[in-house]
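See below for the structure under consideration.
The values are calculated or read from the model by the stated rules, or taken from the named source; none is laboratory data. In this text, all values refer to a predicted model and were calculated from it rather than measured experimentally. Cβ sites come from the backbone with ideal geometry, for glycine too, and all protein chains shown count toward neighbours. To get the accessible areas, we keep the full protein, side chains included, count just its heavy atoms, and leave off ligands, DNA and RNA. Shrake-Rupley method; radii C 1.70, N 1.55, O 1.52, S 1.80 Å.
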Amino acid sequence: MNSFGLYIHVPFCRTKCSYCGFYRVTEIGLRERYVESIINELELSGRDFLKKDLRTIYVGGGTPSILTEEELRKIIEEGVMKYWGLDKVEEFTVEVNPDDVTIEYLRELKNIGVNRISMGVQCLEDSILKTINRRHTSKIARDAVKMIKSEFDNVSLDYIYGLPGQNIEIVSRDIEEMLNMGVQHLSAYALSVEEGSILEKQIEKGLVVLPDEDMVLEQYDVIIELMKKYGWRHYEVSNYACDDEHVAKHNSSYWEKRPYLGVGPAASSYDGENRRWTNVENVSNYVKGVYDIEEDILNEEDLLNEKIMLGLRTDRGVDISEFDEKMQKRFKDNTDIIVDNGRYKITEKGWMIYNRIVSSLFV
């Protein structure tokens, strides 16, 4: 493939959300040195991508909106534009937190070339936001959406269900309100209790009680039914778009096995063939210019398993003709798999047990 996606990881957070298992740090004073290291890594790691066109950029975290406009501009001008330019970039996304959003900051992002905003709302119930240690309130989130929509016409919101204190009524009300906000994309994730997270410790101590599995399944059902009601496309396990045009291009590149370059600690890269590598999670070393990586060279079995794993998490599924007779029999014997226009797919409700289905098909 002659194009690739670029992921820039910004691990800084002012506070740590209780559920978060992503690599993040609160030493935001390291930002200036971090920006320099990102630029340096783009030069070093980007060499394998110099002959490819840059198609998408995604700045994620952490909290990317902790970076000032000047810091992000420096990464783009001294790193990205130096080697690839922005003329062939179709989608340039920056994640923001509701409490960081101002009209001035949004306009600065537009001036850099950003054309899509992704914001973590997580929930619109203040008591739940407080429980999971989010710094924003539901009002701040609503006001932020209005500001973002005044400057951008491609807006994505993140939502989490299965949170402590959530019930069917709250989830239904939240999702319907978000669908009526005029945004183009929603990501709805089932809460996962990450190892080492604050939430895990709270549960162990009996300080927090999560909804049971049946309640979480009901919440998922409510979400997909509301999406159908509004005519949205459920194109990936956790992702919904108002139409085909607003399917997330950058994230789709992962599921379509397109090449991508990730810079920053904990960021992963893929050459589009059989090599994957991930940066070690260590900001202290990273700002010193130490770019440790963990590399995997994928064999035939790995590639086949990835094709199954990535393809079945989308509504496109996988092409039947890409599998031999033995593998096709395994698909046919799996009652959670359907055949649709020459492709194997998991049903929409079956996605709730996606991991179980996919692992049963691995070779």
Exercise for review: Could you give me the residue pairs with C-beta distances under 6 Å whose first residue belongs to the stretch 331-342 and is of a type in the set (A, V, I, L, M), whose second residue is part of a strand (DSSP E or B) wherever it lies, and which are 6+ apart or on separate chains?
Suggested key: 337/344; 338/345
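For every residue, the table says whether it meets (1) open to solvent by less than 60 Å² (accessible area, probe 1.4 Å); (2) within 15 Å of residue 184 (Cα to Cα); (3) polar (S, T, N, Q); (4) within 22 Å of the chain's Cα centre (by Cα).
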site	(1), (2), (3), (4)
101	yes, no, no, yes
109	yes, no, no, yes
118	yes, yes, yes, yes
121	yes, yes, no, yes
126	no, no, no, no
136	yes, no, no, yes
141	yes, no, no, yes
Review point. If the Cβ limit is 8 Å and pairs must be 6+ apart or interchain, which residue in the stretch 165-189 that is under 25 Å from residue 202 (Cβ atoms) and basic (Lys, Arg) pairs with which residue that is modelled with pLDDT under 95 and buried (at least 16 other Cβ atoms within 10 Å of the Cβ)?
Key: none
Review point. Could you say whether any residue in the stretch 161-181 is within 30 Å of residue 81 (Cα to Cα) and buried (at least 22 other Cβ atoms within 10 Å of the Cβ)?
Key: no
Exercise for review: Looking only at the stretch 287-304, decide whether some residue is out of contact with any Ser or Thr (no Cβ under 8 Å at 6 or more places or on another chain), over 20 Å from residue 259 (Cα atoms), open to solvent by less than 60 Å² (accessible area, probe 1.4 Å) and modelled with pLDDT of 90 or more.
Suggested key: no
Study note, to complete from the structure: Screening 363, 339 for residues that are open to solvent by 50 Å² or more (accessible area, probe 1.4 Å), touching a Lys or Arg at 6+ places or on another chain (Cβ under 9 Å) and at pLDDT below 95 leaves only 363
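Within the stretch 213-244, how many residues are within 18 Å of residue 172 (Cβ to Cβ) and not hydroxyl-bearing (Ser, Thr, Tyr)? Step through it out loud before you land on a result.
Kept after step one, since they are within 18 Å of residue 172 (Cβ to Cβ), are these residues of the stretch 213-244: 214-232, 234, 238, 240.
So of that shortlist, the ones also not hydroxyl-bearing (Ser, Thr, Tyr) come out as 214-219, 221-229, 231-232, 234.
Qualifying residue count, the stretch 213-244: 18.
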Practice item. Name the one entry in 193, 208 that is touching a Ser or Thr at 6+ places or on another chain (Cβ under 8 Å) and either part of a helix (DSSP H, G or I) or touching a residue at least 60 places away in the same chain (Cβ under 8 Å) (or both). Key: 208
Exercise for review: Check 50, 44 and return the single one that is open to solvent by 60 Å² or more (accessible area, probe 1.4 Å) and touching a residue at least 60 places away in the same chain (Cβ under 8 Å).
Suggested key: 44
Practice item. Return yes when residue 211 is crowded, with 20+ Cβ neighbours inside 10 Å and under 22 Å from the mean Cα position of the chain (by Cα) and no when it is not. Key: no
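Condition check ((1) in a strand (DSSP E or B); (2) of a type in the set (A, V, I, L, M, F, W, C)) across all residues:
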position: 87; (1), (2): no, no
position: 92; (1), (2): yes, yes
position: 95; (1), (2): yes, no
position: 106; (1), (2): no, yes
position: 111; (1), (2): no, no
position: 119; (1), (2): yes, yes
position: 124; (1), (2): no, yes
position: 127; (1), (2): no, no
Study note, to complete from the structure: Among (1) among the polar types (S, T, N, Q); (2) over 18 Å from residue 235 (Cβ atoms); (3) open to solvent by less than 60 Å² (accessible area, probe 1.4 Å), residue 314 falls short only on (2)
Point to revise | Restricting the stretch 342-360 to residues that are within 17 Å of residue 323 (Cα to Cα) and among the hydroxyl-bearing types (Ser, Thr, Tyr), the residue that is least open to solvent (accessible area, probe 1.4 Å) | key: 344
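Out of the residues in the stretch 242-280 meeting the condition of being small (Gly, Ala, Ser) and surrounded by fewer than 21 Cβ atoms within 10 Å (Cβ to Cβ), tell me which one is farthest from the chain's Cα centre (by Cα). Can you show your working first?
Step one: list which residues in the stretch 242-280 are small (Gly, Ala, Ser), which gives 248, 252-253, 262, 264, 266-269, 272.
Now restrict to residues that are surrounded by fewer than 21 Cβ atoms within 10 Å (Cβ to Cβ): 252, 266, 268, 272.
Working: 252: 10, 266: 14, 268: 13, 272: 19 Å.
Ranking the qualifying residues of the stretch 242-280, first place goes to 272.
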